[in-house]
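None of the figures in this text is laboratory data; all of them are computed from the coordinates on show. Just so we're clear, the structure is a prediction, and the values are computed from it rather than from any experiment. Glycine also receives a Cβ, built like all others from the backbone with ideal geometry; neighbour counts cover every protein chain displayed.
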């Protein structure tokens, strides 16, 4: 793996089996491993091969966002992205502390893909191509579950996919409705890859995702919203902005499997209610936005997209202050 690849995780765990394995494999493959802690992280956290950033150490970062992002929130992961870019990363891989990497996880990543493309297909339950089981990704609108799965388009060469979502086996990222009503484990097909383009929507998460440099500004995770929606709503914003730049979002074979941390499913359900009620409406509003193409306009487009969710009462007004800090922090790193 090239030396300009960084792995970013946020965790409050002590060194567990997954983190230990990531640290070991990252060292073997020459990948920098940045771990962002929070207020509940162990004060004595030490793990060879892992660059751990405690809450106190994060305050020494040269980023204005470090003083603004709330504690006890997954959005602190934004600081890990910034640190990786500051250190020269041109590819960022993100996952979580309860996923275990398969050997394929450490293979070289390329933005240009030969992949089947779906455009103008509206809502696409991407899991439906990878299994015959009844299953959908977290964030997929419940009112779209009975929609017919569109046929995959032909395989095209050199499709630019600066965001790539790998699936997860065993305990994939599904919502609380699924977990309360359907069985797990679930494994997915490995001989398939699809990419969504303009007019096609599917949520993607932060559990096994590759980001290439041109799309780095779209990494931003909102902080003033439901914890269970932060990466999902990020995915909607990222997809909408990708359309303006001729970029596609790829979904590919599982390269991790998950042993899920303990969750209260009814609490997850409560935290996901804003998504159940609004995900389709968010995307409909984003689709109506008039955005402009160009890498220099990614920040402006981010501000406009998040303002939509602020106006809908789903994201707090404070988000724009964090977003402006993010743009101010990341812009000089990408020039």
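Describe numerically, in nm with one decimal, the distance between label points set 7 Å from Cα along Cα→Cβ at residue 334 and at residue 192.
3.2
Using Cα pairs closer than 8 Å and at least 6 residues apart in sequence, work out the relative contact order for the stretch 109-335, in percent. Each step should come with its number before you reach the end.
On the way: 382 pairs, mean separation 56.2, N = 227.
RCO, the stretch 109-335: 25 percent.
Beta carbons within 10 angstrom, averaged per residue: use that to sort the peptides 214-222, 177-185, 253-261, highest first.
On the way: 214-222: 23.2, 177-185: 13.3, 253-261: 18.1.
The most tightly packed comes first, giving 214-222, 253-261, 177-185.
In the chain, what percentage of the DSSP-assigned beta bridges are antiparallel, given to the nearest 5?
Values: 20 of 43 bridges.
Bridges in the chain that DSSP calls antiparallel: roughly 45 percent.
Between residue 297 and residue 67, what FRET efficiency comes out of the Förster formula 1/(1 + (r/R0)^6) with R0 = 22 Å and r the beta carbon distance, rounded to 0.05? Mind dumping the intermediate values first?
Working: r = 27 Å, r/R0 = 1.21.
After rounding to 0.05, the efficiency reads 0.25.
Please compute the volume of the convex hull spanned by the alpha-carbon atoms of the stretch 99-256 and report it per residue in Å³.
Details: hull volume 18.5 nm³, N = 158.
Per residue, the Cα convex hull of the stretch 99-256 comes to 117 Å³.
If N is the number of residues in the stretch 1-101, what value comes out of its Cα radius of gyration divided by 2.2 N^0.38 Å?
Numbers: Rg = 12.6 Å, N = 101, 2.2 N^0.38 = 12.7 Å.
Expressed relative to 2.2 N^0.38 Å, the Cα Rg reads 0.99.
For the chain, modelled as a Gaussian network with Cα springs under 10 Å, which listed residue fluctuates most, 248, 146, 29?
Judging by the Gaussian network model, the answer is 146.
Only bridges with both residues in the stretch 106-262 count here: give the DSSP antiparallel percent, nearest 5.
Values: 12 of 23 bridges.
Given both bridge residues lie in the stretch 106-262, the antiparallel proportion sits at roughly 50 percent.
What residues of the stretch 212-229 lie in the reach of a label at residue 317, counting those whose backbone N is under 19 Å from a point 7 Å from the Cα along Cα→Cβ?
The answer is 223-226, whose backbone nitrogens lie closer than 19 Å to the label point.
Given the stretch 56-126, report the % of alpha carbon pairs whose separation exceeds 19 Å. Please report the intermediate quantities before stating the final value.
Values: 1481 of 2485 pairs.
Pairs farther apart than 19 Å: 60 percent.
Full extension from residue 134 to residue 155: what is 0.36 nm times the residue separation minus their Cα-Cα distance, to one decimal in nm? If you can, show how the numbers build up before the last one.
Details: separation 21, 0.36 × 21 = 7.56 nm, distance 2.54 nm.
Roughly 5.0 nm would be gained on extension.
What does the extension gain come out to for residue 17 and residue 148, with contour length at 0.36 nm per residue minus their alpha carbon separation? Provide the component values of the computation, followed by the final result.
Values: separation 131, 0.36 × 131 = 47.16 nm, distance 4.02 nm.
Separation in residues times 0.36 nm, less the Cα-Cα distance, equals 43.1 nm.
Ratio to report: Rg/Rh of the chain, with Cα atoms as the point set and Rh obtained by the Kirkwood method; give two decimals.
Values: Rg = 18.5 Å, Rh = 20.0 Å.
Using only Cα positions, Rg/Rh for the chain is 0.93.
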